[in-house]
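The structure appears below as C-alpha cells.
The values are calculated or read from the model by the stated rules, or taken from the named source; none is laboratory data. Given the structure is predicted, the values throughout are model-derived calculations rather than measurements. Neighbour counts run over all protein chains shown; Cβ positions are idealised from the backbone, glycine included.
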Amino acid sequence: MKVSILIPVYNASPYLSETLESALNQTYSNCEIIAVDDGSEDDSVEVIESIMDKHKNVLLFKQDNKGACAARNLAFQKSTGDLILYLDGDDIISENKVEAQVDLILKHDEYTVISGQWGRFSGTVNDASFPVRFLDKDWEDPKEWLINSWKGKGMAQTSVWLTPRQLVIKAGPWNEKLQVNQDGEFFGRVLLNAGMIKYCREAKVYYRTLKEKHSVSKILNESKAESLLLSYQLLKSNALKIENSDRMKEALLIRFLSFIYQFYSKYPALVREARKEIIDLGFSKLPIYGGRYFKLIASLIGFENTLKMRSYLLKY
C-alpha cells in the first residue's frame with residue numbers, strides 16, 4: 001500500500017530539514033512526500049527544493065498564504081496514496097512509524113484508523129517523553145474515543161493518525177474557516193465514520209513545542225474564540241447525525257461548558273451562544289465544571305455565581 005505523507009509548510013525553515021528527513025528515513029519504502037508551501041516568507045521553499053534534488057518521491061506545491069487547512073487540502077488533492085499521514089512542518093516521526101502502522105492496518109479492514117504514541121520536545125527528540133495516556137489503546141467503537149476525549153480525558157496529536165484514503169474522502173476536507181481546533185474538528189469527522197481504532201505503540205510522533213504554537217492554543221482574541229466555538233458547533237452537528245444519544249450529548253455538553261468556563265468574562269456574546277447550544281442539547285441548567293477548587297466553591301454557591309465571582313476578582 002502506498003502512503004502519502006502530507007506536509008503543510010509556513011515559515012518552518014529552522015526545523016523543516018529535520019521533519020523531511022524523518023519522513024524520508026522511513027523503513028517503509030512505498031511513500032510519497034507532498035509538501036505545500038503556504039506563502040512562506042523565509043527560505044522554506046529553498047530547503048524543500050534542495051532535498052527534492054536528491055529524492056524523487058518528494059513533491060512541492062505552492063500557494064498564496066491561505067492557512068494550514070488549505071495547504072493540507074491541496075496536498076491531499078495532489079496525493080495518490082492509499083493511506084494518509086498528515087505531518088506538520090516542524091514535527092518528527094520515528095523511522096518505523098509508517099511500517100509499524102501499515103503492518104497493523106493490513107490485518108484489518110479499510111475503515112480502520114491507526115493511532116500511536118506522541119511526546120513533546122523543545123530541543124532534540126531525546127528530550128521527548130511519552131506519558132501513558134488513557135486514549136492510547138484499541139477502540140472497537142471510535143465514537144467512544146471521541147466521547148472520552150470531549151469529556152477531557154485526552155487528545156491526539158495530528159501526525160499520530162494513519163488514515164485510509166476513503167475515510168478522508170468520506171469525512172470531507174479540512175475546514176479552511178477554522179483558526180483553531182482544525183485537527184479536532186477534522187479528525188472528529190474521520191472517527192465518526194471509522195469502524196475501529198487500533199493503537200500502535202511502536203509508532204511515535206515527536207511534537208515540537210514552540211512559543212508560537214502555545215500562543216495560538218491560548219486563543220487570546222475574540223476571533224479565535226469564535227473559531228473554537230464554531231469547531232464545537234460543527235462537531236455537535238456532525239456527531240448527532242451519526243449518533244443522537246444521551247452519551248454523545250453529555251460529551252458535547254462538556255465542550256460547551258469548557259468554552260463558557262474559559263471565556264465567561266471576556267466574550268459574553270459568544271458565551272450566550274454556547275449556552276444556547278447547551279439548551280439545544282436538552283440541558284436546562286449548567287452543571288458544575290472547572291478545576292478542583294472552582295468546583296468546591298460552585299457546589300456551595302452554584303456554577304454561574306462562581307463564574308461571576310471569579311470575573312469580579314480578576315478585575316481587581
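Remark: Leu314 matches the filter, which requires a residue to be surrounded by fewer than 16 Cβ atoms within 10 Å (Cβ to Cβ), part of a helix (DSSP H, G or I) and either in the same structural domain as Lys249 (by TED's automatic domain parsing) or not β-branched (Val, Ile, Thr) (or both).
Tell me, yes or no, whether region 202-212 has at least one residue that is without any contact (Cβ under 8 Å) to a residue 60 or more places away in the chain and either farther than 22 Å from Ser231 by Cβ or more than 15 Å from the chain's Cα centre (by Cα) (or both). Explain how you work it out, then say what you get.
To start, the set of residues in region 202-212 that are without any contact (Cβ under 8 Å) to a residue 60 or more places away in the chain comprises 211-212.
Add one more test, that the residue is either farther than 22 Å from Ser231 by Cβ or more than 15 Å from the chain's Cα centre (by Cα) (or both), and what stays is 211-212.
Taking every residue of region 202-212 in turn, at least one turns out to be without any contact (Cβ under 8 Å) to a residue 60 or more places away in the chain and either farther than 22 Å from Ser231 by Cβ or more than 15 Å from the chain's Cα centre (by Cα) (or both).
Here the strands (runs of 3 or more DSSP E) wholly within region 22-92 that include at least 3 residues being buried (at least 19 other Cβ atoms within 10 Å of the Cβ) and not hydroxyl-bearing (Ser, Thr, Tyr) are 31-38, 83-86. If the condition is being in contact with a strand residue (DSSP E or B) (Cβ under 8 Å, 6 or more places away or on another chain) and either part of a strand (DSSP E or B) or within 19 Å of Gly291 (Cβ to Cβ) (or both), then region 133-155 contributes only Trp139. Applying a threshold of 9 Å to beta carbon distances and a minimum spacing of six or more residues, or different chains, the list of pairs starting in region 229-251 at a residue that is in the same structural domain as Lys153 (by TED's automatic domain parsing) and polar (S, T, N, Q) and ending at one that is at pLDDT below 95 and not in a helix (DSSP H, G or I) is empty. If you go through region 281-311 and pick out every residue that is part of a helix (DSSP H, G or I) and not charged (D, E, K, R), you end up with 14.
Restricting region 237-253 to residues that are within 19 Å of the chain's Cα centre (by Cα) and surrounded by fewer than 20 Cβ atoms within 10 Å (Cβ to Cβ), the residue that is nearest to Glu304 (Cα to Cα) is Ser237. Of all the numbered requirements in (1) closer than 19 Å to Cys200 by Cβ; (2) over 19 Å from the mean Cα position of the chain (by Cα), Leu87 misses one, and that requirement is (2). Candidates in region 150-180 are the residues that are free of Cβ contacts under 8 Å to residues at least 40 places away in the same chain and closer than 22 Å to Tyr206 by Cβ; of these, the one that is surrounded by the fewest Cβ atoms within 10 Å (Cβ to Cβ) is Gly154.
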